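The values are calculated or read from the model by the stated rules, or taken from the named source; none is laboratory data. Given the structure is predicted, the values throughout are model-derived calculations rather than measurements. Heads up, the Cβs are rebuilt from the backbone with ideal geometry, glycines too, and the neighbour counts pull from every protein chain shown.
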Amino acid sequence: MELGLYELGSILGGIGNYLQFQDLKLEGIKTDSRMIQPGDVFVCLEGTNFDGHKFVRDAISKGARAVVSMKPIQDVQDKIPVIMVRDTYEALLQIATFLRNRFQGTVISVTGSCGKTTTKEILYSILSKSHKVSKNYKNWNNLIGVPLSIFRFKGDEDFWVLELGINVIGEMDKLGKTVTPDIVCIPNIGPVHLEGLGSLTGVAREKANLLDYLSKNGVGIINKKYPELVLEASKRPGRTLFFGGDSSYTIKFKGIDEKLQGRFDVFLDKEVLNIKTNLNMGIFQENILAAICVARELGISEEDIIKGVEHVPIPEHRARWIWVGDFLILDDCYNANPLAMERVFNDLNTPFFKRPIISILGDMLELGEYSKKEHFRLGKILVDNGVDVVFYRGKFYSDVKNGILSRTTNIAIYKIDNVDNFVDKWKKLNISEGTIIVKGSRAVKLEEVLDLLIKNIKSNSMVKQY
């Protein structure tokens, strides 16, 4: 990011003493005083349980060169430039919008209900084989994370790949205005964030709203499998490319080999790409196909596509398989929603996975009035896909249990009241091998259970990661 203080003040239309420092150059923009580096701007955010204005002096001690605030800060304005604005959250979006409009490359925005981060990572891996690319930092994909990610970009890239996440109505409009994408990619929609978005139709509408902000010659790349999404996309102006469903761009998961490599056939009109990748489950089909369709639209070579998909860095606790002794464990602690849960367990219907199949699960959050219904349905999904043992952490334990009991009484289900309680129950099972699925919403903190699980598996063989 290249930005001067006077330029920043002009973008924000703020007031303050910054005019006397107008030649000052800024290095970056941060909202966390602990992350400040010399030359950064510290933006004071304020919420229900925090107030960034209280940390201004800490930011200054770490080398902050300027401050953006919503109120005066005593005994600071004579030491450092302060730009006062009405809303620092809006200020973040204003700065990001300015930087995006100055950017001469191509902006690709990825949204959807499941696998946004994975799709972004696949695209980054493909495009970076021959181009300069920047992407969101980790999963910074909301109204704060997207601007903060853009502030980290240099601005001389060929492509920006930005995943956009929302959970309430209206957020996509703000993000769309900020990033003005040249390509919008939506791999899927599902019953996610229903507490804020209302229904599956509401999810489709809010995701498709991003298409309203496409640049002049932009294109939407949409999964045809989802009728609600197709209907909403058809209401928007501009060009749309469909993949999946009954389109001529489809993908088939062929299975997983002994090295945990996934194999896929990708059908693009009359062309077939044989893909081998560390993304080794059927749940990745839509993400891989969506990324490849974007790459094809951009004219990326077949060679770069195949090499890019072959090994994609998987963020921590996201669909990562590990061997611990004779147990194959899926570490998918980062997040959970009904669509992702169903797909993970559907993937287990193959002889490759050792029995017994043990699931260590946690609540799927932000489902509002649909919470009990979706957790009950999860119980039935576990039975239908041959799960043998269930451990559950969260307040919807009874709903999952009732879903299981509506199908069978032959599955053992245990409630995880605390991690020590889990260890005791695990030891009593006396299981020496099998497949273990660990998945739940981030707030449930299943990584705590996973860590203890790994320590307490009988075989202490070296942990292998793929």
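Counting only residues that are under 12 Å from residue 40 (Cβ atoms), β-branched (Val, Ile, Thr) and assigned to a loop (DSSP other than H, G, I, E, B), the range 62-84 holds 1 of them. Being closer than 16 Å to residue 211 by Cβ, in the same structural domain as residue 119 (by TED's automatic domain parsing), under 18 Å from the mean Cα position of the chain (by Cα) and not small (Gly, Ala, Ser) is a description that applies to residue 164. Here the range 4-16 is the region considered, the condition is being part of a strand (DSSP E or B) and in contact (Cβ under 8 Å) with a residue 40 or more places away in the chain, and the residue that is nearest to residue 80 (Cα to Cα) is 16. Give the residue that is farthest from residue 186 (Cα to Cα), with candidates limited to residues of the range 79-132 that are free of Cβ contacts under 8 Å to residues at least 24 places away in the same chain and either in the same structural domain as residue 332 (by TED's automatic domain parsing) or surrounded by fewer than 17 Cβ atoms within 10 Å (Cβ to Cβ) (or both). Filtering the range 79-132 for residues that are free of Cβ contacts under 8 Å to residues at least 24 places away in the same chain and either in the same structural domain as residue 332 (by TED's automatic domain parsing) or surrounded by fewer than 17 Cβ atoms within 10 Å (Cβ to Cβ) (or both), the one farthest from residue 186 (Cα to Cα) comes out as 79.
Selection over the range 177-224 of residues that are in contact (Cβ under 8 Å) with a residue 60 or more places away in the chain, closer than 25 Å to residue 292 by Cβ and among the basic types (Lys, Arg) gives a count of 1. Of the numbered criteria (1) in contact with a Gly (Cβ under 8 Å, 6 or more places away or on another chain); (2) farther than 23 Å from residue 449 by Cβ; (3) part of a helix (DSSP H, G or I); (4) among the aliphatic types (A, V, I, L, M), the one residue 279 fails is (3).
Applying a threshold of 6 Å to beta carbon distances and a minimum spacing of six or more residues, or different chains, the list of pairs starting in the range 63-77 at a residue that is surrounded by 11 or more Cβ atoms within 10 Å (Cβ to Cβ) and ending at one that is in a loop (DSSP other than H, G, I, E, B) reads 63/38; 64/36; 65/39; 66/81; 69/44. Among the charged types (D, E, K, R) and either without any contact (Cβ under 8 Å) to a residue 24 or more places away in the chain or under 15 Å from residue 259 (Cα atoms) (or both): is that true of residue 331 in this structure? So residue 331 does not fit the description; no. Just one of the listed residues (401, 395) is surrounded by fewer than 19 Cβ atoms within 10 Å (Cβ to Cβ) and either closer than 18 Å to residue 444 by Cβ or modelled with pLDDT of 95 or more (or both), namely 395. Checking each residue in the range 361-409 for being of a type in the set (A, V, I, L, M), without any contact (Cβ under 8 Å) to a residue 60 or more places away in the chain and assigned to a strand (DSSP E or B) picks out 389, 390. The conditions of being acidic (Asp, Glu) and free of Cβ contacts under 8 Å to residues at least 24 places away in the same chain are not met by residue 302. For the range 52-61, the criterion of being small (Gly, Ala, Ser), within 30 Å of residue 439 (Cα to Cα) and not in a loop (DSSP other than H, G, I, E, B) is met by none of the residues.
Tallying residues that are within 28 Å of the chain's Cα centre (by Cα) and of a type in the set (Val, Ile, Thr) within the range 391-430 yields 3.
Does residue 451 meet the test of being assigned to a helix (DSSP H, G or I) and more than 27 Å from the chain's Cα centre (by Cα)? It is false that residue 451 is assigned to a helix (DSSP H, G or I) and more than 27 Å from the chain's Cα centre (by Cα).
Taking the numbered list (1) closer than 16 Å to residue 327 by Cα; (2) within 24 Å of the chain's Cα centre (by Cα); (3) acidic (Asp, Glu) in turn, residue 433 passes all entries but (2).
Filtering the range 250-276 to residues that are of a type in the set (D, E, K, R), within 17 Å of residue 311 (Cβ to Cβ) and surrounded by 13 or more Cβ atoms within 10 Å (Cβ to Cβ) leaves 263, 276.
Let's see how each residue does on (1) in contact with a strand residue (DSSP E or B) (Cβ under 6 Å, 6 or more places away or on another chain); (2) of a type outside the set (Asp, Glu); (3) assigned by TED's automatic domain parsing to the domain that holds residue 280:
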{"site": "325", "(1), (2), (3)": "no, yes, no"}
{"site": "328", "(1), (2), (3)": "yes, yes, no"}
{"site": "332", "(1), (2), (3)": "yes, no, no"}
{"site": "337", "(1), (2), (3)": "no, yes, no"}
{"site": "340", "(1), (2), (3)": "no, yes, no"}
{"site": "357", "(1), (2), (3)": "yes, yes, no"}
{"site": "366", "(1), (2), (3)": "no, no, no"}
{"site": "373", "(1), (2), (3)": "no, yes, no"}
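Applying the condition of being touching a strand residue (DSSP E or B) at 6+ places or on another chain (Cβ under 9 Å) and surrounded by fewer than 20 Cβ atoms within 10 Å (Cβ to Cβ) to the range 375-388 and asking which residue is farthest from residue 457 (Cα to Cα) yields 385. Residue 219 meets all of the listed conditions (1) aliphatic (A, V, I, L, M); (2) surrounded by fewer than 19 Cβ atoms within 10 Å (Cβ to Cβ); (3) over 13 Å from residue 187 (Cα atoms) but one, namely (2). I'd like to know if the range 293-301 contains one or more residues that are among the aliphatic types (A, V, I, L, M) and under 30 Å from residue 199 (Cβ atoms). The answer is yes, given that some residue of the range 293-301 is among the aliphatic types (A, V, I, L, M) and under 30 Å from residue 199 (Cβ atoms). Taking the range 162-176 as the range and being under 16 Å from residue 149 (Cβ atoms) and charged (D, E, K, R) as the test, the residues that pass are 163, 171, 174. In the range 404-451, the qualifying residues are those that are loosely packed, with under 14 Cβ neighbours inside 10 Å and of a type in the set (Ser, Thr, Tyr), and the one that is nearest to residue 330 (Cα to Cα) is 432. Applying the condition of being touching a Lys or Arg at 6+ places or on another chain (Cβ under 8 Å) and hydroxyl-bearing (Ser, Thr, Tyr) to the range 422-446 and asking which residue is farthest from residue 281 (Cα to Cα) yields 432.
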